[in-house]
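Novice: Questions regarding the structure given below will be posed in turn.
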Amino acid sequence: MKKVIIIGASGHAKVIADIIIRSGDELVGFLDDNTELPEKIIGYPYLGEISDYVKFSGCLFIIGIGNNRGRERLAGEMDVQWYTAIHPSAQIAMDTSIGEGTAVMANAVVNTSARVGKHCIINTGAVIEHDNCLADYVHVSPNAALCGTVSVGRLTHIGAGAVVKNNTSVCENVIVGAGGAVVADITESGTYVGVPVRKLIKNK
């Protein structure tokens, strides 16, 4: 049994807490810089601010923060062993690769020969089809579907219910809006919405 501490105490963190418990590991508690949090969060202790992680030797950590850049920043600042959270109901093919610190939520599918980077979020019911390649700090939102042989760059967020056509590449630092349909390569960072998607704004 692994002892796990979650960085963050938001709704997303509570979903990860459920995965840890259902996986048979021990949830030690939450670290968050909001010092006004209650002593217990869904029945588990608020342990202090994020910088207090150094007090907890022997624990694994996972970042329970939905913001891609927030996860990137914390992962770069913390010298710890990372926990990978995979819900028991997720369908993970045997020859996949899932990076440390990644969370795979309930009923998600990661299919054969897919590669998922570090500190990604594969949210509830998302589908990562065969031969996909997701870079670090990607978030694929609930019920989004990436068809076969899709490539997704660092820090990109695929919105809820969005679809990415097979054999398509999405570059880094892109937001695809909820329900969007990506039918051609996206080669410039920005926010894209619609069916098919069109560029709305350029991301910094």
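Novice: Could you list all residues from segment 164-175 that are within 19 Å of Glu72 (Cα to Cα) and in contact (Cβ under 8 Å) with a residue 24 or more places away in the chain?
Specialist: Scanning segment 164-175 gives Glu172, Asn173, Val174, Ile175.
Novice: While we're here: Restricting to segment 93-123, name every residue that is among the β-branched types (Val, Ile, Thr) and either touching an Asp or Glu at 6+ places or on another chain (Cβ under 7 Å) or surrounded by 19 or more Cβ atoms within 10 Å (Cβ to Cβ) (or both).
Specialist: Answer for segment 93-123, where residues must be among the β-branched types (Val, Ile, Thr) and either touching an Asp or Glu at 6+ places or on another chain (Cβ under 7 Å) or surrounded by 19 or more Cβ atoms within 10 Å (Cβ to Cβ) (or both): Ile98, Thr102, Val104, Val110, Thr112, Val116, Ile121, Ile122.
Novice: Here is a further query. Looking at segment 51-73 only, could you name the residues that are surrounded by fewer than 17 Cβ atoms within 10 Å (Cβ to Cβ) and among the β-branched types (Val, Ile, Thr)?
Specialist: Val54 - this is the single residue of segment 51-73 that is surrounded by fewer than 17 Cβ atoms within 10 Å (Cβ to Cβ) and among the β-branched types (Val, Ile, Thr).
Novice: Go through segment 4-54 residue by residue and tally those that are of a type in the set (D, E, K, R) and over 19 Å from His87 (Cβ atoms).
Specialist: Residues meeting the conditions: 7.
Novice: Could you tell me which numbered condition Ile16 fails, if it satisfies all but one of (1) over 30 Å from Ile175 (Cα atoms); (2) in contact (Cβ under 8 Å) with a residue 60 or more places away in the chain; (3) among the β-branched types (Val, Ile, Thr)?
Specialist: So Ile16 meets the others, but not (1).
Novice: Another one. Which residues, taken from segment 1-34, are under 20 Å from Arg73 (Cα atoms) and either surrounded by fewer than 14 Cβ atoms within 10 Å (Cβ to Cβ) or among the small types (Gly, Ala, Ser) (or both)?
Specialist: Within segment 1-34, Gly8, Ala9, Ser10, Gly11, Ala13, Asp33, Asn34 meet the criteria.
Novice: So, one more: Which one of the conditions (1) crowded, with 19+ Cβ neighbours inside 10 Å; (2) in contact (Cβ under 8 Å) with a residue 24 or more places away in the chain does Val127 fail to meet, given that it meets all the rest?
Specialist: For Val127, the exception is condition (2).
For (1) under 27 Å from Pro88 (Cα atoms); (2) of a type in the set (Phe, Trp, Tyr); (3) without any contact (Cβ under 8 Å) to a residue 12 or more places away in the chain, each residue gets a yes or a no:
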{"position": "Ser23", "(1), (2), (3)": "yes, no, no"}
{"position": "Val28", "(1), (2), (3)": "yes, no, no"}
{"position": "Leu37", "(1), (2), (3)": "no, no, no"}
{"position": "Lys40", "(1), (2), (3)": "yes, no, yes"}
{"position": "Gly43", "(1), (2), (3)": "yes, no, yes"}
{"position": "Gly48", "(1), (2), (3)": "no, no, no"}
{"position": "Val54", "(1), (2), (3)": "no, no, yes"}
{"position": "Phe61", "(1), (2), (3)": "yes, yes, no"}
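Novice: Right, here's the next one. Are any of the residues in segment 141-157 in contact with a Cys (Cβ under 8 Å, 6 or more places away or on another chain), surrounded by fewer than 18 Cβ atoms within 10 Å (Cβ to Cβ) and in the same structural domain as Thr102 (by TED's automatic domain parsing)? Quick ask: steps written out before the conclusion?
Specialist: Our first condition is that a residue be in contact with a Cys (Cβ under 8 Å, 6 or more places away or on another chain); within segment 141-157, this holds for 150-153, 156.
Still in the running and surrounded by fewer than 18 Cβ atoms within 10 Å (Cβ to Cβ): none.
Within segment 141-157, not a single residue is in contact with a Cys (Cβ under 8 Å, 6 or more places away or on another chain), surrounded by fewer than 18 Cβ atoms within 10 Å (Cβ to Cβ) and in the same structural domain as Thr102 (by TED's automatic domain parsing).
The values are calculated or read from the model by the stated rules, or taken from the named source; none is laboratory data. What you see is a predicted model, and the numbers here were worked out from it, not measured in a lab. Because the Cβ atoms are built from the backbone with ideal geometry, glycine has one as well, and the counts that use them run over all protein chains shown.
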